[in-house]
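See below for the structure under consideration.
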Amino acid sequence: MVTATHEASHRLFQEHPEALAPVFEALGLPPPSKPDFRELSPDATEIRPVERRADTVLRFEPEMGEHFVLAVEAQTKKDPDKAKN
């Protein structure tokens, strides 16, 4: 179920994708700027009748370099399997 906290985290990335700078740094990529991004449809439905959506889907289009798509998923609860470790 979508919560206000969940929605707010994705509004941040949708409206301020430059906030992803630490992720780009960790991947060894140059820092992003807002004009380099274009929001895409989050619909990931397959041919089978199963609806799948990513929370935020952005296309990164720098003037120089390769373009790629970035899907952002937010998890607000700990994974029960990882909690055992």
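The values are calculated or read from the model by the stated rules, or taken from the named source; none is laboratory data. Note that the structure is predicted; figures quoted are calculated from it, not measured. For the accessible areas, the whole protein counts, side chains as well, though only heavy atoms, and no ligand, DNA or RNA atoms are used. Shrake-Rupley method; radii C 1.70, N 1.55, O 1.52, S 1.80 Å.
Tabulated results
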read-out	value
Longest to shortest principal axis, alpha-carbon extents of segment 1-42, angstrom	34, 20, 15
Area accessible to solvent at residue 55, 1.4 Å probe radius, in Å²	40 Å²
Gained length - residue 39 relative to residue 18, 0.36 nm times residue gap less alpha-carbon distance	6.3 nm
